[in-house]
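The values are calculated or read from the model by the stated rules, or taken from the named source; none is laboratory data. Worth saying up front: this structure is predicted, and the values here are computed from it rather than measured. Note: ideal-geometry Cβ built from the backbone for every residue, glycine included; neighbour counts use all protein chains shown. All accessible areas refer to the heavy atoms of the entire protein, side chains included, with ligands and DNA or RNA removed. Shrake-Rupley method; radii C 1.70, N 1.55, O 1.52, S 1.80 Å.
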Amino acid sequence: MAQEMKIEIVKKETIKPSSPTPHNLKSFKLSLLDQLSLVAYGPLVLFYPNNVSEVTLTEERSHQLKKSLSEALTRFYPLAGRIKDNLFIECNDEGAVYVEARVNALLSNFLDQPSLEILKLLLPIKVDSPEAATGCLLLVQASFFECGGLAIGVCMSHKLADASTLSTFIKVWAATALGLGHTVVPDFSAATRYPPRDFSAQSPAAAVEMKIVKCVAKRFVFDGPKMRALKAKVTSGSVQRPTRVEAVTGLIWNCAMKASKLSSGISKLSMVSQSVNIRKRVVPRLPQTSIGNLVGYYTAMAEESGIELNSMELVSRLRKGMVEFNEIHSKRLQGDIVFEAICEYFMEIGNIMRRDDINLFICTSLCNFGIYEIDFGWGKPIWVSIPFDIIKNVACLIDTKEGDGVDAWISLSEEDMALFERDPELLAFASLNPNVFGPVTRRSSL
């Protein structure tokens, strides 16, 4: 780039719900799953090009974003409150934070080769901020580029929201900007299904101690044609139709295991933990618009030493883990034994994270959430991303714009990443941080 890209904060203000929250809704109980969730923010950044012949006035778009955000908060009233004692949200209409920023560059300059460090500056708060536990639950940053392009960075506290909740809210916010916000009705019944507990002694989540190790996060993109080739490669008798997430996770896991073994010179056990949306897996089903941390987790194990594993075998193990979750573990996430089931999971993961002879990889996915359909009135996003690099051995997956590929941010230790990013098997199917446009997209209006 000709000049260093800088982001200047122009204003920061509080957006309150357009209508006050009724007295009978002033206290909102967290569910048990909310109480046990990670203290962090779930991030998402959506990029919108300038799709009109003249640059729409920044003030007009900023006003539209703030007005629709205020109206959306009336429907999602807990997001305007504050968490108290990890038990409930005081729905006092304190509001969400709205930040407006200016970027001294064209959007096309940034999207030619997205920088993670710049991407994080397009968020209104650090992902690992402790504010997620007691402070503002929703923060938004609208960053306007010189060309009229726009980045909307959203951070929502994990104490109330999983990926589905984040997606649902942004969709309703955008629909509200178009005058269609009434078409989605959020469901707030999670605490009825999973009542909160008093953890004045110690929460089971305390067993999980995240090791903050210096790591490197890089972006790898599996486009449609390469994705189809990868799915064909990992197809087997036990998994005849692998999903995109299974295929990519299996390949990433395989290459990460190889890198770990080479960099350390030690063979370890390896485990993948994959998050699962339980809304449609519990009985009775929960609405897809249910708000909260409605996720379960399944695991798959492999041995770095001994018989050489391949991506096909690892995909089979991932599928087996999912089948077991659907048949056994999802049933434990209902009824009177849910607390015991969750405690067992946290104890298992906590024990694994304290062991030096096991490598734990965590995979989270926003694939198939329809993120690229989110339109605030200026067209659909040209790119959506999940900036995340606070802990190692994490893969964050999201759809490509075309919907047939996967865009992944992967964090590993510096030593492992140096080997991982050069793995021929990985590079046969993935491109390292390619430009967002592809070879034929015109960029003159960006």
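General remarks:
- Candidates in the stretch 400-441 are the residues that are in contact with a Ser or Thr (Cβ under 7 Å, 6 or more places away or on another chain) and open to solvent by 40 Å² or more (accessible area, probe 1.4 Å); of these, the one that is farthest from Ala247 (Cα to Cα) is Glu415.
- Restricting attention to the stretch 3-31 and to residues that are farther than 28 Å from Arg102 by Cβ and of a type in the set (S, T, N, Q), the residue that is modelled with the lowest pLDDT turns out to be Ser31.
- When Pro284 is tested against the conditions (1) in contact with a Ser or Thr (Cβ under 7 Å, 6 or more places away or on another chain); (2) modelled with pLDDT under 90; (3) surrounded by fewer than 16 Cβ atoms within 10 Å (Cβ to Cβ), the lone failure is (1).
- If you go through the stretch 340-349 and keep only what is buried (at least 16 other Cβ atoms within 10 Å of the Cβ) and either in contact (Cβ under 8 Å) with a residue 60 or more places away in the chain or among the hydroxyl-bearing types (Ser, Thr, Tyr) (or both), you end up with Ile342, Tyr345, Phe346, Ile349.
- Matching entry among Leu46, Leu25, Leu87 (being under 30 Å from Leu397 (Cβ atoms) and aliphatic (A, V, I, L, M)): Leu46
- Near pairs, Cβ below 6 angstrom, 6+ apart or cross-chain, from the stretch 1-23 (assigned to a loop (DSSP other than H, G, I, E, B)) to any residue that is open to solvent by 100 Å² or more (accessible area, probe 1.4 Å) and at pLDDT below 95: none
- Index of the failed condition, Glu71 passing every other in (1) over 16 Å from Gly153 (Cβ atoms); (2) open to solvent by 10 Å² or more (accessible area, probe 1.4 Å); (3) modelled with pLDDT under 95: (3)
- Which numbered condition Leu397 fails, given (1) over 14 Å from Thr249 (Cβ atoms); (2) in contact with a Ser or Thr (Cβ under 9 Å, 6 or more places away or on another chain); (3) open to solvent by less than 10 Å² (accessible area, probe 1.4 Å); (4) not in a loop (DSSP other than H, G, I, E, B): (1)
- Counting only helices (runs of 4 or more DSSP H) that fall entirely inside the stretch 75-189 and contain at least 1 residues that are open to solvent by less than 40 Å² (accessible area, probe 1.4 Å) and in contact with a Lys or Arg (Cβ under 7 Å, 6 or more places away or on another chain), the qualifying elements are 107-112, 131-134, 163-177.
- Test: residue in the stretch 233-251 that is in a strand (DSSP E or B) and surrounded by fewer than 17 Cβ atoms within 10 Å (Cβ to Cβ): no
- Among residues that are within 20 Å of the chain's Cα centre (by Cα), outside any helix (DSSP H, G or I) and small (Gly, Ala, Ser), Gly296 is included.
- So Lys258, is it open to solvent by 70 Å² or more (accessible area, probe 1.4 Å) and either among the basic types (Lys, Arg) or not in a loop (DSSP other than H, G, I, E, B) (or both): no
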